[in-house]
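Q: Let me give you the structure first, and then I'll get to my questions.
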Amino acid sequence: MGIKAALPRYELYLYTAVLGVALIWAGSWIFDASSENVNRKAFKESVKPGWHYFGRKMDVADFEWMMWFSTFRNHILFALAGHVIFAKIFTLLAPKHRSLIFGIYGGLAVLVTMGWTFVTLVLSHCIILYSIAMVKSKWMCFAAGLATLASIKLEPYNSWQESLVTGSFDLQDILFYGGCGFSIMRCMSFALENCEKKDGNFTFSDLLKYNFYLPFFFFGPIMTFDRFHAQVNNTQLIRKDKELWNITTKALLHLGVILVVDVFFHYLYILTIPSDVKLVTKLSDWCLAGLAYSNLVYDWVKAAVMFGVINTVSTLDHLDPPQPPKCITMLYVFAETHFDRGINDWLCKYVYDYIGGDHDKIFKELLATFCTFAITTLWLGPCELVYIWSFFNCFGLNFELWVAKFFSLPPFSIIEGAMGEAMSRRIRGVFNAANFWTIVLYNVLSLNSLEFAKLVGRRLIFKETSKRHQALLDDPEPVKPVDAGKEKAE
């Protein structure tokens, strides 16, 4: 009964067609806005010459995407290819010691990339948290872990630690904070799992092999220690049927998606436009909705591809890594909203599920979500934007529980029980459509500016169109014939 009940196939086709037409229509508005404003002064830094045979400029606003698949692509491929080769050789020669080889290669790669001071800093974090883990007190492990995480997220402690790392290159900041942040989260997982170990303790060598596994070191995803330790020490390395074929297919799919995204960036400047508030105020509601939605879809695609590439390498190592996040189009509840399944699994295992239990008690759920988003806020880096994002997502998660509890009472439960499963899904779908756009609005905060999120909220939810009309009057621009037709349609 409910949202997962089956609907007639033709009805699903109709909904898919409506969604497709809406996306194409919104995309056409974004395309026009991109083409007409390509030479704006505000676009100068983030819209650069693209592929020569397209004859168009390209949106390069996302440093992470450009780093992975353009500027530092060869360096990343070289490091991961080296790992695959060494891992394969030693897996064949000494399968019992492959975890040791993973750790040694990863440690050497980090040493060559970041220098001995960075490795010493990471080791100091490991030693501190390993020492606390020996006490086997969960609250002490959490306190020490969160204090260590805060030391690289809050001033002046983070600047002091960063100053210890010598040298200067384009990727230093992102590798420093990524390496330290993920390392601390892994150390916390190790410490908490050691608390659960009834006989003895895990060794410091186990922690280092877990922490310095290169594919996960700088960019994640986080794989909890219990899963990693069990899988990496498994000597029965047998491939499932068609597993290599599936790995190859996924690798080719990721390559195809990378090319498609780069092509789209030549025609749809979805990352640059939201940063120009003056331009955004002039855009139509269709264009704003398309920008908000496409930014979240793109962030999901980026996470799926980046983690997908890493997961392909780890799957070759006979590991079962965290899967890519769920597509934003398929989301309708806050409980399933996440863009990093590794962090989500970590938080659920050690915080959300641990405190919330079955998630059917309102007070325990409130405490569980508060603690979860408090740690998430620290992980993302405390600032005004993150505070607002955390508050609204925490509220959304709890509000869902309150509403579900309310409608599970008579007479609502009796009415739903009397209707068919398909009708129940349709009614739930109507309410969840509003929930979907709330999820979009709240998470636009984490990807764009607060001003853009406010504008999207006012225009799409509260229907305040006066700002757009005033902006067009203050700075009128010639309207192309195609735009005139769209204005009438709108």
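Q: Under a Cβ-Cβ cut-off of 11 Å, what is the net charge of the residues other than G357 that fall near it, where Lys and Arg count +1 and Asp and Glu count -1?
A: Charge balance in the 11 Å sphere: -2.
Q: How big is the dipole moment of the stretch 1-88 about its Cα centre under a simple scheme where the beta carbon of each Lys and Arg is +1, that of each Asp and Glu is -1, and everything else is neutral? Debye, nearest 20, please.
A: Working: 10 positive and 7 negative charges, 46 e Å.
I would put it at about 220 debye.
Q: Here's a follow-up. Run the count for the stretch 96-235, please: Lys pairs, Cα-Cα under 21 angstrom, 8 or more apart or on different chains.
A: Summing the qualifying lysine pairs gives 7.
Q: Moving on to the next point. About its Cα centre, how strong a charge dipole does the stretch 282-354 have in debye, to the nearest 20, once Lys and Arg get +1 and Asp and Glu get -1 at the Cβ?
A: That gives a dipole near 220 debye.
Q: Counting only helical runs of four or more DSSP H residues, what would the 222 nm mean residue ellipticity of the chain come to if each run contributes -39,500 (n - 2.57) and the total is spread over all its residues?
A: On the way: 23 runs with 326 residues, N = 490.
Result for the chain, helices only: -21500 deg cm²/dmol.
Q: Once you keep just the Cα pairs under 8 angstrom separated by 6 or more residues, what percentage relative contact order results for the chain?
A: Dividing the mean separation by the residue count of the chain yields 20 percent.
Q: Amide H of K57 versus every other amide H placed in the peptide plane: which residues, excluding those fewer than 5 positions away on the same chain, fall under 5 Å?
A: The list, which skips near neighbours in sequence, is G50.
Q: Match the structure shown to one of the listed values (1) 23.5; (2) 25.1; (3) 24.2 of Kirkwood radius over Cα pairs in Å, computed from it, and give that label.
A: (2)
Q: For V47, what residues show an amide H to amide H distance below 5 Å, using hydrogens built from the backbone and excluding near sequence neighbours?
A: Those lying under 5 Å, H to H, from V47 are V60.
Q: Step through the residues of the stretch 102-115 one at a time and calculate ³J(HN,Hα) from phi using the Karplus curve (6.51 cos²θ - 1.76 cosθ + 1.60, θ = phi - 60°), rounding each to whole Hz and writing x for Gly and Pro.
A: For the stretch 102-115, the Karplus curve yields 4, x, 5, 4, x, x, 5, 5, 5, 4, 5, 6, 10, x Hz.
Q: Round to the nearest 10 and report in Å² the accessible area of V430, as given by a 1.4 Å probe over the protein chains' heavy atoms.
A: 100 Å²
Q: Taking the Cβ-Cβ separation of N201 and L108 as r and a Förster radius of 35 Å, what is the calculated FRET efficiency to the nearest 0.05?
A: E(calc), rounded to 0.05, equals 0.85.
Q: Quick one: which of 292-298, 111-117, 365-371 comes out on top by average Cβ neighbours within 10 Å, and what's the full order, highest first?
A: Sorting 292-298, 111-117, 365-371 by mean packing, highest first, produces 292-298, 365-371, 111-117.
Q: Taking only protein heavy atoms into account and a 1.4 Å probe, give the accessible area per residue of the stretch 96-235 in Å².
A: Dividing the accessible area of the stretch 96-235 by its residue count gives 41 Å².
Q: Please state the charge dipole magnitude for the stretch 96-235, taken about the Cα centre, from unit charges on C-beta atoms (+1 on K and R, -1 on D and E), reported in debye and rounded to the nearest 20.
A: I would put it at about 500 debye.
Q: Please list the non-local residues whose amide H lies under 5 Å from the amide H of Y269, H modeled 1.01 Å from N, same-chain partners needing a gap of 5 or more.
A: S34
Q: Got a number for carbon plus sulfur as a percent of the chain's accessible area, 1.4 Å probe?
A: On the way: 17050 of 25060 Å².
C and S atoms contribute 68 percent here.
Q: Additional query: Using θ = phi - 60° and the Karplus relation 6.51 cos²θ - 1.76 cosθ + 1.60, list the HN-Hα couplings for the stretch 260-274 in order, rounded to whole Hz, with x at every Gly or Pro.
A: 5, 4, 4, 5, 4, 5, 7, 10, 10, 8, 6, 8, 7, 4, x
Q: I need the peptides 244-257, 59-72 ranked by packing, meaning the mean over residues of other C-beta atoms within 10 angstrom, with the highest value on top.
A: The peptides rank, most packed first, as 59-72, 244-257.
Q: Oh, and also: For the stretch 187-200, take each phi angle, set θ = phi - 60°, evaluate the Karplus expression 6.51 cos²θ - 1.76 cosθ + 1.60, and give the result in whole Hz per residue in order, putting x for glycine and proline.
A: Calculated HN-Hα couplings, in order: 5, 5, 4, 4, 5, 5, 5, 5, 5, 7, 6, 7, 10, x Hz.
The values are calculated or read from the model by the stated rules, or taken from the named source; none is laboratory data. As the structure is a prediction and not an experimental result, all values here were calculated from the model. For neighbour counting, all protein chains shown are included, and Cβ atoms are generated from backbone atoms with ideal geometry for every residue, glycine included. Heads up: the accessible areas ignore ligands, DNA and RNA and are worked out on the full protein's heavy atoms, side chains in. Shrake-Rupley method; radii C 1.70, N 1.55, O 1.52, S 1.80 Å.
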